[in-house]
Amino acid sequence: MAVTSNKLAEHYTWGNQCDGWHLVKSENLSVIQERVPSGCSESRHFHTKAEQFFFILSGIATMELEGKTFRVKPNEGIHIPAGSRHQLSNQHEIDLVFTVTSTPPSHGDRIEI
């Protein structure tokens with residue numbers, strides 16, 4: 001067991017300008033901190049096995065979940081059940097920073113729509 005941060009964690013990039021840091025990367029649990037610049041988004045998708053919880057640290061997330069749109073603000077979170085079609089975007093002027101917790105880990109379990 002060790003203390004971690006985005007300064008110490010494994011870093012990756014996705015999309016055009018987005019960043020991710022693996023804070024916890026185990027067989028049963030994934031906790032990632034991500035940064036999404038203004039105007040960026042992920043593609044609409046779902047996970048067959050993984051359920052996820054997005055918790056916003058700064059900025060405002062726009063989450064489309066099964067046809068409904070949610071604005072998720074700092075210190076708020078949203079649960080994405082396995083099999084739910086969703087798409088996160090940053091439609092605001094400042095960077096969106098959040099954590100996403102997945103169990104089981106969602107890598108390899110993503111189906112693009």
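FYI, it's all coordinate maths here, none of it is from the lab. What you are looking at is a predicted structure, and each value in this text was computed from that prediction instead of being measured. Please note: Cβ atoms are built from the backbone with ideal geometry, for glycine as well, and neighbour counts cover all protein chains shown.
Ignoring lysines fewer than eight residues from residue 7 along the same chain, the ones with Cα atoms less than 17 angstrom from its Cα are 25. For the chain, would you read off the P(r) tail past 19 Å as a percentage of all alpha carbon pairs? Considering the chain, 43 percent of its Cα-Cα pairs are separated by more than 19 Å.
Listed by chain and number, the aspartates and glutamates whose C-alpha is less than 16 Å from the C-alpha of residue 49, apart from same-chain residues fewer than 8 away, are 27, 109, 112.
The spacing between the stretch 85-99 and the stretch 48-75, judged by their C-alpha centroids, is 8 Å. Dipole magnitude for the chain: computed about the Cα centre from +1 point charges on Lys and Arg Cβ and -1 point charges on Asp and Glu Cβ, it is near 100 debye.
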